[in-house]
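Reading through the structure tokens given below for one structure.
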Amino acid sequence: MKRNKILWVDDEIELLRSHIIFLSEKGYEVDTETNGEDAIVSVKENDYDLLFLDEMMAGMGGLETLARIKEINPNLPVVMVTKSEEESLMNEAIGGKITDYLTKPVNPSQILLVCKKILEGRIISGQYAAKDYLLDFNEISRAFLNEMDFAEWIEIYLKLVNWDIELDSHPEIDLRQTLNDQKKEGNKEFSKFVEKNYRNWVTSAGAFDTPGLTTEILPKYVLPHVNDLKSSVFLFVIDCLRLDQWLVMEKHLLDLFKIDKEYYYAILPTATPYARNALFGALFPSEIEKHYPQLWSSGDDDEKSMNKYEKELLQFFLDRKKVKLRNELKYIKIIDPEVGRNFEQNILSYRDSHLTAVVVNFLDMIAHGRSDSALLKEIAPDEPAYRSLTNTWFTHSSLLSTFKAIAGIKNAKIIITTDHGSIRCLRGAKVLGDREASSNLRFKFGRNLKIDDKHAIYIKNPEEYKLPKRGVTINYIIAKEDYYFVYPTDYHKYLAFYKDTFQHGGISMEEMILPVITMEPK
């Protein structure tokens, strides 16, 4: 194993000889210099892993030496060592891109700690992460063998997501496949759990022994803030947002907002026409069918035709609750970057609005676009890369700029949620049906649908699931786990085409267990 190589620069280096011997005994290779000029030459000629730099030296001082060394090797970690404790000096050093800062006299344990943190921190934290995950792995695997309730499933999913993100930071740990296999096993058990309990949930919605569902987002999380007549409430529905994606987005907002997170279960199918309409209307699809029968009259469930009434559904909810807003309800659908930029630039015009509802479609566009684009698949070949792509988008998005602007609005309240998540589909399931059956990959409705019940829930009576009837002979099937539906015609062609795409509409933790975030400016 290669020894880490350190350069220690100090004009009183002989007084530090015991420290240098100590580091050598701990396995580090240490070179020394007594002035800045020689240090610069040494950095040019050698490949160092770490530099200890005295701030007060005769001739070229530490800060000037630091600037010159950073020009040669900007990525070299530098620890400034000084007798001074002045804050201005600390700020100067930090501005000069030091990695750490020690005040003389230093002791061997301080030096060793800094070396380990900078040179071995990633390896050590990775080793502990691996150890901790293996402990959690056993605990999670045991939980799968027991009968869990909806709250325990949320806890399990949170653990799996947190480990997913933790392993992103430790690619050297060879545990990614182990975690993926555990998530796969989890979704198998979760699908059984949902199949067993879902009908009871939708008929007993709001009861203490049922999870919060899509229909409860408005009354539970939005209405209390709307009832505060001084508040300016912003409801953001980010289409197709997974919990892991939110967690990488959230870190950009921690300095601006007090953030509170809770979780709910999406209704089935976990698809935009059903779940988003249910969210905005606080009604199940079968209940919406009574008020908006035209929604379900078309043959297929495409977003453009099926989500034309979101503002009307939201207003209908407010009317049912006898809520009178102090001004007109505002509704914006951000379907392309230009609309997002216009909303961001005009956000201050909404500061006096009582309730502003915003739908953001970009993540759903990424999910669908990845299915059709070889380039996007290359950029985001797996879930860690998919999270990274989300982070890149959000970092440079008008949505983040919009949140930053709202942080400056007095009495602003932001509620962020989603209508459904998505899952990376890896297994095809052969389905039979008539030619009028819908074309969705994770759920279908139509006549004479046939599928192996290991792969999907078969819904003979839509009313039991509070789904629209669409006709006397119409049935639904909803995919479990990571399956996607493929017809027998050109089976192998479409099996290959849709494999490893992010889809939604079915039953999985990623699609159903979703965050509801409440943010208030700090």
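Rule-based calculations on the coordinates, nothing more; no lab input. All values derive from a computational prediction rather than experimental measurement. For neighbour counting, all protein chains shown are included, and Cβ atoms are generated from backbone atoms with ideal geometry for every residue, glycine included.
If you take the Cα centroid of the range 111-136 and the Cα centroid of the range 155-213, the two points sit 28 Å apart. From its DSSP helices (H runs of at least four residues, each -39,500 (n - 2.57)), the chain gives a residue-normalised ellipticity at 222 nm of -12500 deg cm²/dmol. Axis angle, to the nearest 10 degrees, between helix 62-72 and the longest C-alpha principal axis of the chain: 60 degrees.
Hull surface divided by four, with the convex hull built on the Cα atoms of the range 1-54: how many nm²? Provide the component values of the computation, followed by the final result.
Values: hull surface 14.2 nm².
Over all viewing directions, the range 1-54 projects a mean Cα-hull area of 3.6 nm².
Return the FRET efficiency for the residue pair Ser388, Lys450: r is the Cβ-Cβ distance, R0 is 30 Å, and the value is rounded to the nearest 0.05.
Step by step, r from the Cβ atoms, then E = 0.15.
A cut-off of 5 Å between modelled amide H atoms, ignoring neighbours fewer than 5 places along the same chain, links Thr501 with Cys425. A Cβ-based charge dipole, computed about the Cα centre of the chain with Lys and Arg at +1 and Asp and Glu at -1, lands at about 2620 debye. Under 5 Å from the amide H of Ala456 lie the amide H atoms of Lys480, each residue being 5 or more positions distant or on a separate chain, with H modelled from the backbone and absent for Pro and chain starts. Determine the sum of side-chain charges near Arg199: Lys and Arg each +1, Asp and Glu each -1, restricted to other residues whose C-beta is under 15 angstrom from that of Arg199. Local charge sum for Arg199: 0. Karplus-derived 3J(HN,Hα) values for the range 215-226, using 6.51 cos²θ - 1.76 cosθ + 1.60 with θ = phi - 60°, are 5, 9, 4, 5, x, 8, 10, 9, 4, x, 6, 5 Hz; glycine and proline are entered as x. Equivalent-ellipsoid semi-axes for the range 214-522 (Cα gyration tensor, √(5λ), whole Å, largest first): 33, 24, 15. With 20 Å as the limit, the listed pairs Lys159/Lys261; Lys220/Lys251; Lys290/Lys324; Lys44/Lys70; Lys230/Lys251; Lys308/Lys499 have Lys220/Lys251; Lys290/Lys324; Lys230/Lys251; Lys308/Lys499 beyond it between alpha carbons. For the range 267-273, putting each phi into the Karplus relation 6.51 cos²θ - 1.76 cosθ + 1.60 with θ = phi - 60° gives couplings of 6, 9, x, 7, 10, 3, x Hz, in residue order, rounded to whole numbers and with x for Gly and Pro. The angle between the Cα long axis of helix 362-372 and the main principal axis of the chain comes to about 80°, on a 0 to 90 degree scale.
DSSP finds beta bridges in the chain, and of those with both partners inside it, around 40 percent are antiparallel. Once C-alpha pairs closer than 8 Å and six or more residues apart are averaged by separation and normalised to the residue number of the chain, the relative contact order reads 17 percent.
Out of all Cα-Cα pairs in the range 5-106, roughly what percent, to the nearest whole number, are more than 16 Å apart? Tail of the P(r) past 16 Å holds 52 percent of the pairs. Residues in the range 412-422 carry Karplus couplings, in order, of 6, 10, 10, 10, 10, 8, 8, 8, 6, x, 8 Hz; the curve used is 6.51 cos²θ - 1.76 cosθ + 1.60 with θ = phi - 60°, and Gly or Pro positions show x. Counted over all Cα-Cα pairs of the range 373-522, pairs farther apart than 23 Å make up 51 percent.
Under 5 Å between amide hydrogens, built in the peptide plane, is the criterion, and for Val358 it picks out Leu235, Phe236, Val237, Ile332 among residues at least 5 positions away or on other chains.
Packing, taken as the mean count of other beta carbons within 10 Å per residue, orders the peptides 435-445, 222-232, 32-42 from highest to lowest as 435-445, 32-42, 222-232.
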